[in-house]
Structure formats: structure tokens, C-alpha cells
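Q: Before I ask anything, here is the structure I am working with.
The values are calculated or read from the model by the stated rules, or taken from the named source; none is laboratory data. Keep in mind it's a predicted model, so treat the numbers as computed, not measured. Positions of Cβ are generated from backbone atoms using ideal geometry, with glycine treated the same way; all protein chains shown enter the neighbour counts.
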């Protein structure tokens, strides 16, 4: 999703805080992470989330940082082509999770800049929360 202007550390943290606020307002038991330039710049676990959500965040982040696409898109493309993700790319489900819930904010030139990831809901709901959190920045 292209954002207005440069994707800075301050903007990345603001995006994370926006996702956190949406999650808290809805009472979602989620974990949220924002990465920029390969490093975590925002991470929070909301009430009701579990350590497993943190593990899922990293699995989704690995997919998005590798393919520079949202996890939901990567999953859909593999399914549409009849390909098993893990058989095609190696690794295990302990490392990769091509499941909705990680999106890649891009700058105004559409260059990949980082990852916003959510875990704790269904993959479609995780993805939707990411999109909602980014919407006001694009």
C-alpha cells in the first residue's frame, strides 16, 4: 500500500500505534509488530494475546520481507498456481507463514519499506486490521 511521503521511523511507530488503537478499541487479543529496514521499530501485545502470536508475527514477517508482498497475496498466488508454499521455497512452517496478516507499506515511489504484521484473529481479519491501520496514511 503506497503511503504519502517517506516512511520514517516516526511514521512506522505511528502506524503501529494506529493498529494498536484499533485493536484495543475492538477488544482484539492480538500482537502487532512494525518493521522498517529489517529491524523492529514497534511491537505490542494486547490483552488476551499469547506468546504464540509473537511467533506467528515473525513467520508472517519472514514471508513479507522475503517476497516484498503481503502474506495474503503470497498465499493467494501460490494457491492459484496450485503450488505448495513450503515445497516450493523450502523451510518449514516454523519459519514461514504465508497467512494473511502482514502487509508492506511502500513509499510514494512504491519501494518496499517495511512490514506491519498482526496476529491473533483469523488471517482475513488480521489482514483487514493492517489495511485499516494504513488507510489514513495513504
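Q: Residues being touching a residue at least 24 places away in the same chain (Cβ under 8 Å) and not in a helix (DSSP H, G or I): count how many of those fall in region 51-99.
A: Final tally of qualifying residues: 10.
Q: Looking at residue 43, is it more than 16 Å from residue 119 (Cβ to Cβ) and at pLDDT 95 or above? Show your work before the answer.
A: Working: more than 16 Å from residue 119 (Cβ to Cβ): no; at pLDDT 95 or above: yes.
No, not satisfied.
Q: Let me ask something else about it. In region 1-27, how many are assigned to a loop (DSSP other than H, G, I, E, B) and either at pLDDT below 95 or touching a helix residue (DSSP H, G or I) at 6+ places or on another chain (Cβ under 7 Å) (or both)?
A: Total meeting the criteria: 7.
Q: Now, a different point. Would you please name the residue that is farthest from the chain's Cα centre (by Cα), looking only at residues in region 30-48 that are crowded, with 16+ Cβ neighbours inside 10 Å and more than 22 Å from residue 75 (Cβ to Cβ)?
A: Let us first name the residues in region 30-48 that are crowded, with 16+ Cβ neighbours inside 10 Å, namely 30-36, 40-42, 44-46.
Of the ones still in play, those that are also more than 22 Å from residue 75 (Cβ to Cβ) are 36, 40-42, 44-46.
On the way: 36: 12, 40: 12, 41: 13, 42: 12, 44: 13, 45: 14, 46: 16 Å.
The extreme case among them is 46.
Q: Any idea how many residues of region 100-134 are without any contact (Cβ under 8 Å) to a residue 60 or more places away in the chain, part of a helix (DSSP H, G or I) and under 19 Å from residue 36 (Cα atoms)?
A: 1
Q: I'd like to check something: does region 3-18 contain any residue that is farther than 18 Å from residue 113 by Cβ and surrounded by 13 or more Cβ atoms within 10 Å (Cβ to Cβ)?
A: Here is the first cut: in region 3-18, the ones farther than 18 Å from residue 113 by Cβ are none.
Within region 3-18, none of the residues are farther than 18 Å from residue 113 by Cβ and surrounded by 13 or more Cβ atoms within 10 Å (Cβ to Cβ).
Q: Note down all Cβ pairs under 9 Å where the first residue falls in region 20-38 and is free of Cβ contacts under 8 Å to residues at least 60 places away in the same chain, the second is part of a strand (DSSP E or B), and they're at least six residues apart or on different chains.
A: Filtered contacts from region 20-38: 20/32; 20/42; 20/44; 38/114.
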